[in-house]
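Here is the structure we will look at, set down as structure tokens.
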Amino acid sequence: MKVGVIDYDAGNLASVSTALRFLGADFIVSPDHRELDRCDRLIFPGVGEAFHAMHVLRERSLDTLLQRYAASGRPLLGICIGCQLVLDHSEERDTDCLGIIPGKVLLFPERKGLKVPHMGWNSVRFCGDIHPLFSGIPDGTSFYFVHSYYPQVDRSLTIAECDYGETFSAAFARDNIAAMQFHPEKSGPFGLRLLKNFLSWNPGGAEHV
């Protein structure tokens, strides 16, 4: 099983590669949409700014790769800005995104005592039945976040939520697509467990189990 990690100049590739190497995964990091399309599952990581990220994705034909890959039924995991870009639109520089999952990306409002970006460890709670990616992970586990914008998706797609001034979707999933606003590759043993679960995840067309 070959795992593809998408390189679109959005950073965070080293920590994702380190985590996959630790897990013994057979993976490649590539900006080439043809090479990535031959992989059995994809990880769409990244940090940075939505408008620039979408520009690079379009320039490298990675936008159409991601849309085609999502429709193929093969597992796809978005992390941080990769989580945001699978949605329809981001408030960050009024950016049209990939439109793979219905939803939008909003800027955290200014609230007394809360700094933006939301940075550091925060607990997440599961929504509904435990998703296979959270197998073996306790409800309320803390994961590492770094973001000023947050995803807003339908409650039925949210598999875990988090509070930072308000409640937001920390993770969502539909069929073969899952996305996490937090960084599993920077979240210690339980983050590694999530990535390990992704390596063996067989969606089978089901949103939850």
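Annotations for the structure displayed:
- Relative contact order, percent, the chain [alpha-carbon distance under 8 Å, six or more residues apart]: 19 percent
- Loop sites in the range 12-112: GluC sites (Glu not before Pro), DSSP, at most 10 other Cβ within 10 Å: Glu110
- For Asp26, the solvent-accessible surface with a 1.4 Å probe is about 80 Å², rounded to the nearest 10.
- Under-5 Å amide H pairs with Phe27, H placed in peptide plane, nonlocal only: Val3
- Of the residues Ile43, Ile28, ranked by 1.4 Å probe accessible area with the largest first, the sequence reads Ile28, Ile43.
- 3J(HN,Hα) along the range 129-144, derived from phi through the Karplus expression 6.51 cos²θ - 1.76 cosθ + 1.60 where θ = phi - 60°, amounts to 5, 5, 6, x, 5, 9, 4, x, 10, x, 4, x, 4, 8, 10, 8 Hz, with x in place of Gly and Pro.
- Descending principal axes extents, the range 1-85, alpha-carbon based, whole Å: 34, 26, 19
- Probe 1.4 Å - accessible area at Ser142, Å² to nearest ten: 50 Å²
- The chain shape via C-alpha gyration tensor axes, a/c threshold 1.5: rounded
- Dipole magnitude of the chain, debye to nearest 20 (Cβ charges: Lys/Arg +1, Asp/Glu -1, about Cα centre): 460 debye
- Considering only Gly73, Ala14, Cys97, the residue lying farthest towards the positive end of the dipole of the chain is Ala14, judged by Cα position with unit charges set on Cβ.
- Taking the Cα centre of the range 12-82 as origin and assigning +1 to Lys and Arg Cβ atoms and -1 to Asp and Glu Cβ atoms, the resulting dipole is close to 120 debye.
- Of Gly99, Gly128, Gly24, the one that fluctuates the most in a GNM where the chain has Cα springs shorter than 10 Å: Gly24
- Springs between Cα atoms under 10 Å define the GNM used for the chain, and in it the highest mean-square fluctuation of Pro45, Pro151, Pro138 occurs at Pro138.
- Solvent exposure of the range 1-144 as accessible area per residue, Å², 1.4 Å probe: 45 Å²
The values are calculated or read from the model by the stated rules, or taken from the named source; none is laboratory data. Because the structure is predicted, anything quoted here is derived from the model rather than measured. Positions of Cβ are backbone-derived with ideal geometry, glycine not excepted, and every protein chain shown enters the neighbour counts. Please note that ligands, DNA and RNA were not included when accessible areas were found on the heavy atoms of the full protein model with its side chains. Shrake-Rupley method; radii C 1.70, N 1.55, O 1.52, S 1.80 Å.
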